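Just below is one structure, and these are the notes that go with it.
The values are calculated or read from the model by the stated rules, or taken from the named source; none is laboratory data. Quantities reported herein were computed from a predicted structural model and do not represent experimental measurements. No Cβ is skipped: glycine too gets one built from the backbone with ideal geometry, and neighbour counts run over all protein chains shown. We work out accessible area using only protein heavy atoms, side chains counted, and drop any ligands, DNA or RNA first. Shrake-Rupley method; radii C 1.70, N 1.55, O 1.52, S 1.80 Å.
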Amino acid sequence: MSVIKAHIRSLTPYLPPLDGRDPKKFILLDFNERTVPVPAHITDALKEYLDSGGLQRYPSYGRMNEQIAEYAGVRAEECMFTNGSDQGIDLVVRCCCEKGTEAIIPSPTFAMYEQAAESEGVSIRRPHFTKEKGFPVDEVIAMVGPKTSLIVISNPNNPTGTPVSRDAIVKIAQNAPHCAILVDECYYEFMGPGESVVADIATYPNIFLCRTFSKTWGMPSLRLGYLLSAEQNIKALCCVRGPYDINHLAGIALDAAMKDRQYVWDFVDEVNKRSKPLFEAFLKREGIEFWPTSANFIFCYFSDPVELEKSIRSRGILVRPKKDAEGTLGLRITFGSEAQMQKLIEVLEELLGGEPAAKRPCL
């Protein structure tokens, strides 16, 4: 007889395809990461700390929370750092959702939301994002009931890149005051000004906003994120987060990055102003269907995505097969540097060159 809870035994793990992701062999356009290395001032700070003999000490965080809060534009009491944004997601679900309640999680989206909810015995309701209408705000509000404990809004959504307006999020928060509204802004730096709900967390204490340093900042291997919410919420969640959940190396890297952060905005500008327009123009020119995106990735359809992904991989580039809410398989492609996207375009031109453009989209 198992001592594991019955609802946990029925779960399946989230297993992203990590094997073989060697940046020396491939251009990595599959995980929505920063696709170029971080600058030397960050790696030098890590080396200096390692050389100083500090690994045997428990982490101490100094002003890390204050630094993050200042960057986010909130009070330190409205901010907590987390072990990647995944821990922030998990904390909100654990602290806000009773077993037997319901979560509204529009689909398709990031798998960790459902994993966190189902691990607490929460049932999932799944309205659909669509390419034509975007985020299903009216459907979400219509689903809200007395059993609803959580509404998840990925903004912009992964894997479709769909933006969700601030007005839509506020409308949901107003219509579901008894629900935790978890807004995932892990691609925040790619968003336009005024699209974040960070200024609304004091007005709407049911909003929880999670972000990460894994994407534009280029530190996913160090697992550092942060959660923003009303002061009373942060106090409660800090009672559940452990005292040493974030490793000290993450703090060292963040401190160095915060002192000279222009590298972040240089990469954002390259993606938003050069790489994204370049690749979208290629897709339009070739008649390849894709979702409008506000993120550093794009979800697009090809007539045979399985074989195409294999052929792209054989030419030294990794992209990610993903399904939309209807189960149609497409490719989610991360926007890298301008040079990386030009290389991908050359590969696609070679692979698709003999196929009429009208046959390339699958929808």
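Approximating the spin labels as points 7 Å out from Cα along Cα→Cβ, the LEU329-to-GLU231 distance works out to 5.3 nm. Taking amide hydrogens as placed 1.01 Å from N in the peptide plane, the amide H of ILE317 sits under 5 Å from those of ILE27, each at least 5 positions away in sequence or on another chain. For region 34-95, the list of trypsin sites (Lys or Arg not before Pro) that fall in a loop by DSSP and count at most 13 other C-beta atoms within 10 angstrom reads ARG57, ARG63. 3J(HN,Hα) couplings calculated from phi for region 326-335 with the Karplus curve 6.51 cos²θ - 1.76 cosθ + 1.60 (θ = phi - 60°) are, in sequence order, 8, x, 7, 7, x, 10, 8, 10, 6, 7 Hz; Gly and Pro show x. DSSP finds beta bridges in the chain, and of those with both partners inside it, around 50 percent are antiparallel.
Each Lys or Arg adds one and each Asp or Glu subtracts one; over the other residues with Cβ under 9 Å from the Cβ of SER123, this totals 0.
Comparing THR35, THR216, THR328 in a Gaussian network model of the chain (Cα springs below 10 Å), the most mobile by mean-square fluctuation is THR328.
With all protein chains kept in place, the per residue accessible area of the chain amounts to 45 square angstrom at a probe of 1.4 angstrom. Computed log10 I(q)/I(0) for the chain at 0.06 Å⁻¹: -0.23, from the Debye equation with unit scatterers placed on every C-alpha and solvent omitted. Fully extending the segment from PHE26 to LYS259 would add 80.8 nm, taking 0.36 nm per residue of separation and subtracting the current Cα-Cα distance.
Rounded to the nearest 20, the Cβ-based charge dipole of region 88-244 about its Cα centre (Lys and Arg +1, Asp and Glu -1) stands at 200 debye. Evaluated with a Cβ-only charge set (Lys, Arg +1; Asp, Glu -1), region 220-363 carries a dipole of roughly 260 debye about its Cα centre, given to the nearest 20. Can you give me the Cα centroid spacing of region 296-351 and region 184-205 in angstrom? So the two Cα centres are separated by 29 Å. Each label was represented as a point 7 Å from its Cα along the Cα-to-Cβ direction; for ASP269 and LYS47 these points are 2.7 nm apart. Springs between Cα atoms under 10 Å define the GNM used for the chain, and in it the highest mean-square fluctuation of ALA295, ALA281, ALA173 occurs at ALA281. Over all other residues within a Cβ to Cβ distance under 14 Å of ASP90, the charged ones net out to -3, with Lys and Arg as +1 and Asp and Glu as -1. Semi-axis lengths, largest first, of the ellipsoid equivalent to region 135-277 are 28, 22, 12 Å, with √(5λ) applied to each eigenvalue of the Cα gyration tensor. Show log10 I(q)/I(0) for region 1-94 at q = 0.14, 0.19, 0.21 Å⁻¹, two decimals, from a solvent-free Debye sum over equal Cα scatterers. Log10 I(q)/I(0), no solvent term: -1.01, -1.23, -1.22.
Taking the chain as a Gaussian network of alpha-carbon nodes connected by springs under 10 Å, the highest mean-square fluctuation of the residues PRO220, PRO108, PRO277 belongs to PRO277. For the chain, the share of accessible area belonging to carbon and sulfur comes to 52 percent (1.4 Å probe, ligands and nucleic acids excluded).
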